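The values are calculated or read from the model by the stated rules, or taken from the named source; none is laboratory data. Computed from a prediction, not measured in an experiment: that's the story for all the values here. When we count neighbours, we look across all protein chains shown, and the Cβ atoms used for this are built from the backbone with ideal geometry, even at glycine.
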Amino acid sequence: MSAVALLDAREVAAQVTDPEMPMLTLADLGVLREVDRDGDRVTVTITPTYSGCPAMATMRDDLERALLRAGYAEVTVRVSLSPAWSSDWITEAGREALRAHGLSAPGPVDAPSGGPVALTLLRTRRALTCPRCGSDATALVSEFGATACKAMYRCTDCAEPFEHVKEI
């Protein structure tokens, strides 16, 4: 394989979509960390959005399939937990894709740099806008949506429910 193969491997891996939010590629979601090539072998490093995320096995399988189809003889997918994934890693294109599909994109993470994150059992206050009508009149329905990484809201102006991808 030529020197272009490394770029090609990254491009192939970057196009694999998230199994829970297929409007996002793994690159736009920010879980695709590294793609390294050694001859016809590729090693991909991904970081889960949550520890124990059940979608990781599917992400691994989808990456392996895509790269094997692209002609690589051996594909290894590694999981890196450090640094921990942050919703700040979602690209602007990813945020736009979420909004276009009726999901509220996460805001910036408000966490201290390098220190512990305080645990609170109180409701999380978020300043959101409805992805359907743009209103900021929203109400939390449930801190947990279809997946642990989303919360359920409803717009009090248009009355439509929507999911919000949580800030982490």
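Values as computed for the structure displayed
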{"quantity": "Residue in the stretch 24-39 that is modelled with pLDDT under 95, more than 14 Å from the chain's Cα centre (by Cα) and assigned to a loop (DSSP other than H, G, I, E, B) present", "calculated": "yes"}
{"quantity": "Residue check for Asp110: at pLDDT 80 or above, of a type in the set (D, E, K, R) and over 12 Å from Pro161 (Cα atoms)", "calculated": "no"}
{"quantity": "Residue that is surrounded by the fewest Cβ atoms within 10 Å (Cβ to Cβ), among those in the stretch 128-168 that are out of contact with any Pro (no Cβ under 6 Å at 6 or more places or on another chain) and of a type in the set (Val, Ile, Thr)", "calculated": "Thr156"}
{"quantity": "Cβ pairs under 6 Å, 6+ apart, first in the stretch 52-78 and assigned to a loop (DSSP other than H, G, I, E, B), second at pLDDT below 95 and of a type in the set (D, E, K, R)", "calculated": "Ala55/Glu20; Tyr72/Asp40; Ala73/Asp40"}
